[in-house]
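Take a look at the structure below.
The values are calculated or read from the model by the stated rules, or taken from the named source; none is laboratory data. Since the model is a prediction, treat every value here as computed from it, not as a measurement. Glycine gets a Cβ as well: all are built from the backbone with ideal geometry, and neighbour counts include every protein chain shown.
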Amino acid sequence: MFKTLLLPVDLSSPQSWTGALPAALRLSDPDSVLHVVTVVPDFGLSVVGSFFEDGFEKRVLHDVGEKLTAWVEENVPAEVTVQPHVMHGRVYDEIIRAADRLDVDAIVIGSHRPDLADYLLGPNAARVVRHAKQSVFVVRGDG
């Protein structure tokens with residue numbers, strides 16, 4: 001059993017968590033803390049961000065935070081100690097940064113079934129597996 005776990009979720013893709021959430025719960029005990037993180041990707045080039053009105057990023061992060069809180073209330077059992085986190089940047093970088101900052105024992109991440117473009121893992125899961133200091137459990141999704 002792990003005392004602290006990190007569960008990255010993509011709120012727009014149930015496949016990212018339908019298998020990973022139950023796995024994370026099985027790896028925890030009643031005293032564990034589950035950190036649920038979702039990442040809002042950045043715009044990449046600064047010139048792209050200039051097409052959005054002032055305050056857009058702040059509003060998006062706030063809206064995603066509300067959606068993550070609702071997701072936690074709907075999907076995580078009430079007896080589980082859970083802390084939601086909204087990150088902003090490259091998905092894999094932010095997952096690794098959150099795992100280090102929160103000092104988690106393990107990361108439980110969902111991965112879609114491979115296709116020709118990414119044979120073994122999705123690109124974010126693969127990078128997390130390669131670069132995380134923590135144990136990483138990869139749970140295959142349905143799709």
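A few notes on this one:
- Taking each residue of the stretch 69-84 that is under 13 Å from W17 (Cβ atoms) and looking for partners that are among the polar types (S, T, N, Q) with beta-carbon atoms closer than 7 Å, six or more apart or interchain, yields P84/T69.
- Residues that are out of contact with any strand residue (DSSP E or B) (no Cβ under 9 Å at 6 or more places or on another chain) and β-branched (V, I, T) within the stretch 90-113 are absent altogether.
- In the stretch 73-81, the condition of being part of a loop (DSSP other than H, G, I, E, B), among the small types (G, A, S) and modelled with pLDDT under 85 is met by no residue.
- Test: E57 is over 21 Å from R130 (Cα atoms) and out of contact with any helix residue (DSSP H, G or I) (no Cβ under 8 Å at 6 or more places or on another chain): no
- Any hit, the stretch 42-52, residues being part of a helix (DSSP H, G or I), at pLDDT below 85, of a type outside the set (A, V, I, L, M) and more than 15 Å from the chain's Cα centre (by Cα): yes
- Residue ID - farthest from P41 (Cα to Cα), chosen from residues in the stretch 70-81 that are surrounded by 14 or more Cβ atoms within 10 Å (Cβ to Cβ) and over 13 Å from the mean Cα position of the chain (by Cα): V80
- Per the conditions (1) modelled with pLDDT of 95 or more; (2) closer than 20 Å to N124 by Cα; (3) part of a strand (DSSP E or B), the sole criterion not satisfied by A24 is (3).
- Subset of the stretch 98-125 [closer than 18 Å to W17 by Cβ and modelled with pLDDT under 95]: I109, G110, S111, H112, R113, L121, G122, P123, N124, A125
- Screening G143 with (1) farther than 19 Å from F2 by Cβ; (2) at pLDDT 95 or above; (3) in contact with a helix residue (DSSP H, G or I) (Cβ under 6 Å, 6 or more places away or on another chain) gives one miss only, at (2).
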